[in-house]
Structures are given as C-alpha cells and as structure tokens.
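A.B. asks: Attaching a single structure in structure tokens format; questions to follow.
The values are calculated or read from the model by the stated rules, or taken from the named source; none is laboratory data. All figures in this text were calculated on a predicted structure; none of them were measured in a lab. In this analysis, Cβ positions are derived from the backbone assuming ideal geometry, glycine residues included, and neighbour counts consider all displayed protein chains. Surface areas here come from the heavy atoms of the whole protein model, side chains and all, with no ligands, DNA or RNA. Shrake-Rupley method; radii C 1.70, N 1.55, O 1.52, S 1.80 Å.
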Amino acid sequence: MALLIMIVGEDPEPWRSVLSRLDPSLDIRVWPQVGDVEDIEFALVWNHPRGELRKYPNLRCIASMGAGVDHIIWDPELPEGVPVTRVVHESLTRSMTEYVIHAVLDHSRDMEKYRRDQARKIWDPKFPRPRKDVGVGVMGLGELGAATAIGLVELGYRVLGWSRTPKEIMGVETFWGMEQFSHFLSQTDILVCLLPLTPQTEGILNLETFRRLRPGAFLINVARGRHLIEEDLIVALDQGILSGARLDVFEVEPLPADHPFWDHPKIQITPHVSSLTEPEAVAPQILENYGRVLRGLEPVNQVDLQRGY
Ligand code: NDP
Ligand code: OXD
C-alpha cells in the first residue's frame, strides 16, 4: 500500500518531505515514478492529467491539495465510487480573508486613485465613502466566504452574502438561489466571488451579472478563472459598468504573456496567491485521512460528487 503524490505545475517535493518526516514508515511515490500501480491506495493530487487516476485499480481516496476540487471532478474519466476530499484549514481561511479584506480596503479607500495621483504628482485628498454605505457582496458562504463576510462585517461594511441554500450569519444580509441573485447584486458595490466551480457557477461573472450591480462596481475574483467570462469583463470595464477588478485566478494559468488583462489599466493581477496551501500545516489532515482509509473509515472533508463541491 502506498500514497501517491501527483502534483502537476507545482513542486511536489515539500509535500514528500513533510509527509515522510511526519511518518517515516510511509511508502510514498511521486508521480510519474509510480512503480506498481496496484500499490496505490491514496492519491494527493493537483491538476492531474485527465484519465490518469483510472490507472490505479486499488485507489480508495483522491485528496485535493487545495480547497477546490474542480481540477479533480471535471475529469471526465474520474474513477467511479472513489471518495474525493478537499482541504479545510484555518490557515487557508485566514489567508483568504486577509487577501479579500486587503482588496476591499484598497478599493474603498481609493488607493488606486492615489497611486495614479502619485504618478502625476497630484495632491488631491478625498473623503472615502462611509463603510456602512459600501455594499460588499460575497458569492459563496462556505468555509472561505462565510469567514470573509464576517471579517468585512467587523470592519463596518454593509455585507451581503449569496449561497445556494439559506444561511444565517450575524451581521450579513443573506440571499440564496437564482431567484434572489438579482436582488443581491442590485445592492452590491464590491462583488467578491468565492464560489466553487460547478456547471451552475461556470461563467456566472458575465455582462448580465455586471449590469445588475450598482453602477461602477468593483469585482474581486478569488475563486476560479472559469467563473468569469473574460471578454465580458473587458467590455464592462471599458463601458464603465465596472470601475475595476482584482483577479487572482484565470482561465489559463499562468496567465499568458499576451493576455489583454496584463496591460488593462483597471485590472490588478495576482498569481493565484490569495490562499496558498501550506504543506506543513495541511499534511497532518492528509495523513489522518490516509490512516482512516486504511482502517476502512470514511475520510473527512469529503465532497459531494453530485453537487460538485
Ligand atoms: P465551500 O464548499 O465551503 O463553499 C462553497 C459555497 O458556495 C457554499 O456556500 C455554497 O452554497 C456556495 N455555492 C455553491 N454552488 C452555488 C450556486 N450554484 N449558487 C449559489 N451558491 C453556491 O468552498 P470554500 O469556501 O472552501 O471554497 C470556495 C472556492 O474558493 C473553492 O472551490 C476554490 O475554487 C476557491 N479557492 C481559491 C483559492 C485561491 O487561492 N484563489 C484558495 C482556496 C479556494 P451552500 O452553502 O448553500 O451549499
Ligand atoms: C485551492 C486553491 O483550491 O489554491 O485551494 O485554489
């Protein structure tokens, strides 16, 4: 029995190193040096090649290296009946909350204007809008969205939250389902996307959505690139429907050098860093799940494969 690390596009070594330090008796294989495919019972994955997970007949659990599982679930050749887990950890939640709060403060305290003013040596102070009048709409009220919404409430913003099912979060005006989506958007000045990528949420950040926001709203996408229709963002920015966007995730990552987002004056880019999974912090929960699977128990932090998150 062996644990396979199949991490593509990132260095698997920190994972191998921390897992073997925590349990020196582990048989760890690092893809593509797999050895006998029959040995593999547990796979820790990120952006695995499509169809690859079918090659392991004794696979009992597929663990995402991050909070999102779209990179696993969207594989049309995913082996059936194998549980999929994701990371839930306070280090991810804290990092995401900090990132979004920083982006919201940066925008609502007019920092983009002051950076532009500085470049032209302009001294032009302005009172920021009172926070209670700035509607921050958080799409997705799960582990990350709920904590982010609470952090924004604590700072005095008017916080609106939208989810699939009803939620109650102190200080947050909550909305759910497509029927209430327009109402949620119509009160939002800063839209934060923290949804999982599913067939229902793919492309949800589109021109129609942007038109329903308060005029000149600001977009923060920290979920997945495929939530956003990229051409629609350019149109919305160029027509003043949106005043700007902070993007951490993209349809193609790394963002290609010739992509128009790089040079757009109203777009701020970060390279998928809003909440990085720290192997040191998260390895114990991966090992816990490996142990559970070997003992015939259900792994924790399992996702609902029907729902897609
Ligand atoms: P959760 O699964 O805990 O929460 C998902 C939330 O989205 C839930 O509130 C859910 O509603 C809501 N939701 C799902 N589908 C719909 C829908 N069709 N309509 C309305 N609401 C919907 O996820 P997390 O908070 O842990 O993570 C969210 C996403 O953030 C991840 O899937 C990942 O893609 C992204 N992420 C990005 C990172 C980065 O570095 N950029 C880092 C980590 C995560 P309900 O509660 O009703 O089920
Ligand atoms: C995640 C991510 O899903 O880093 O954890 O995007």
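A.B. asks: Sort out for me the Cα centre separation of segment 52-117 from segment 235-269, rounded to whole Å.
C.D. replies: What the calculation gives is 20 Å, centre to centre.
A.B. asks: Summing -39500 (n - 2.57) over the DSSP H runs of n ≥ 4 in the chain and dividing by its residue number, what mean residue ellipticity at 222 nm do you reach, to the nearest 500 deg cm²/dmol? Walk me through the numbers before you get to the answer.
C.D. replies: Working: 9 runs with 91 residues, N = 309.
Calculated at 222 nm, the ellipticity per residue is -8500 deg cm²/dmol.
A.B. asks: Same structure, new question: Using a 1.4 angstrom probe and counting only protein chains, how large is the accessible area of His259 in Å², to 10?
C.D. replies: Near enough 30 Å² of accessible area.
A.B. asks: Do any trypsin sites (Lys or Arg not before Pro) in segment 233-309 lie in a loop, going by DSSP, with at most 13 other beta-carbon atoms within 10 Å of their beta carbon, and if so which? Display every interim value, and only then the final one.
C.D. replies: Numbers: sites: Arg246, Lys266, Arg292, Arg295, Arg307; in loops: Lys266, Arg295, Arg307.
Taking segment 233-309 and a limit of 13 other Cβ atoms within 10 Å, the loop trypsin sites (Lys or Arg not before Pro) found are Arg295, Arg307.
A.B. asks: Per-residue accessible area for Leu276 at 1.4 Å probe radius, Å² rounded to 10?
C.D. replies: My reading of the accessible area for Leu276 is about 100 Å².
A.B. asks: Which residue, Thr209, Thr188, Thr148, has the most motion in a Gaussian network model of the chain that connects Cα atoms within less than 10 Å?
C.D. replies: Highest fluctuation among the options: Thr209.
A.B. asks: Taking every pair of alpha-carbon atoms in segment 90-269, give the share separated by more than 19 Å as a whole percent.
C.D. replies: On the way: 9047 of 16110 pairs.
Every Cα pair in segment 90-269 considered, those over 19 Å come to 56 percent.
A.B. asks: Check cross-link reach from Lys126 to the lysines: straight Cα distance under 25 Å, and skip same-chain residues fewer than eight apart.
C.D. replies: Lys113, Lys266
A.B. asks: Mind telling me which of Lys167, Lys132, Lys121 comes out most flexible in a GNM of the chain, alpha-carbon contacts under 10 Å?
C.D. replies: Lys121
A.B. asks: Here's another thing I want to ask about it. Taking Rh as the Kirkwood radius computed over C-alpha pairs, what is the Stokes-Einstein D of the chain at 20 °C in a medium of viscosity 1.002 mPa s, expressed in µm² per second? Display every interim value, and only then the final one.
C.D. replies: Details: Rh = 20.8 Å.
Stokes-Einstein gives a translational diffusion coefficient of 103 µm²/s.
A.B. asks: If I take every Cα pair under 8 Å that is 6 or more residues apart in the chain, average their sequence separation and divide by the length, what percent do I get for the relative contact order?
C.D. replies: Numbers: 551 pairs, mean separation 50.0, N = 309.
Relative CO of the chain lands at 16 percent.
A.B. asks: Please report, as a whole percent, how much of the solvent-accessible surface of segment 195-309 comes from carbon and sulfur atoms (probe radius 1.4 Å). Write out the running numbers ahead of the final one.
C.D. replies: Details: 2930 of 5540 Å².
Carbon and sulfur: 53 percent of the exposed surface of segment 195-309.
A.B. asks: Inverting the mean 1/r over all pairs of different Cα atoms, compute the Kirkwood radius of segment 1-52 and quote it in Å.
C.D. replies: Numbers: mean 1/r = 0.0890 Å⁻¹.
Kirkwood hydrodynamic radius for segment 1-52: 11.2 Å.
A.B. asks: Next question. How large is the translational diffusion coefficient of segment 193-277 in µm² per second when you combine the Kirkwood radius over alpha carbon pairs with Stokes-Einstein at 4 °C and 1.567 mPa s?
C.D. replies: Working: Rh = 12.9 Å.
Estimated via Stokes-Einstein, D reaches 100 µm²/s.
A.B. asks: Stokes-Einstein D for segment 1-153 at 20 °C, 1.002 mPa s, Kirkwood Rh over Cα pairs, in µm²/s? Provide the component values of the computation, followed by the final result.
C.D. replies: Numbers: Rh = 18.9 Å.
Rounded to a whole number, D works out at 114 µm²/s.
A.B. asks: GNM, the chain, Cα, under 10 Å: largest mean-square fluctuation among Thr201, Thr97, Thr174?
C.D. replies: Result: Thr201 has the largest fluctuation of those listed.
A.B. asks: How much of the accessible area of segment 21-127, probe 1.4 Å, is carbon plus sulfur, in whole percent? Don't jump to the answer; show the numbers that get you there.
C.D. replies: Details: 3070 of 5810 Å².
Whole-percent figure for carbon plus sulfur exposure: 53.
A.B. asks: Can you give the local net charge around Asp75? Use residues other than it whose beta-carbon is closer than 11 angstrom to its beta-carbon, Lys and Arg +1, Asp and Glu -1.
C.D. replies: Values: positive: Arg50, Arg54; negative: Glu52, Asp70, Glu77.
With Lys, Arg at +1 and Asp, Glu at -1, the net is -1.
A.B. asks: Loop-only chymotrypsin sites (Phe, Trp or Tyr not before Pro) in segment 54-136, please: DSSP not H, G, I, E or B, and at most 14 other Cβ atoms within 10 Å.
C.D. replies: Working: sites: Trp74, Tyr99, Tyr114, Trp123; in loops: Trp74, Trp123.
Answer by residue number: Trp123.
A.B. asks: Average the reciprocal distances over every distinct pair of alpha-carbons in segment 230-293, invert the result, and give the Kirkwood radius in Å.
C.D. replies: 14.4 Å
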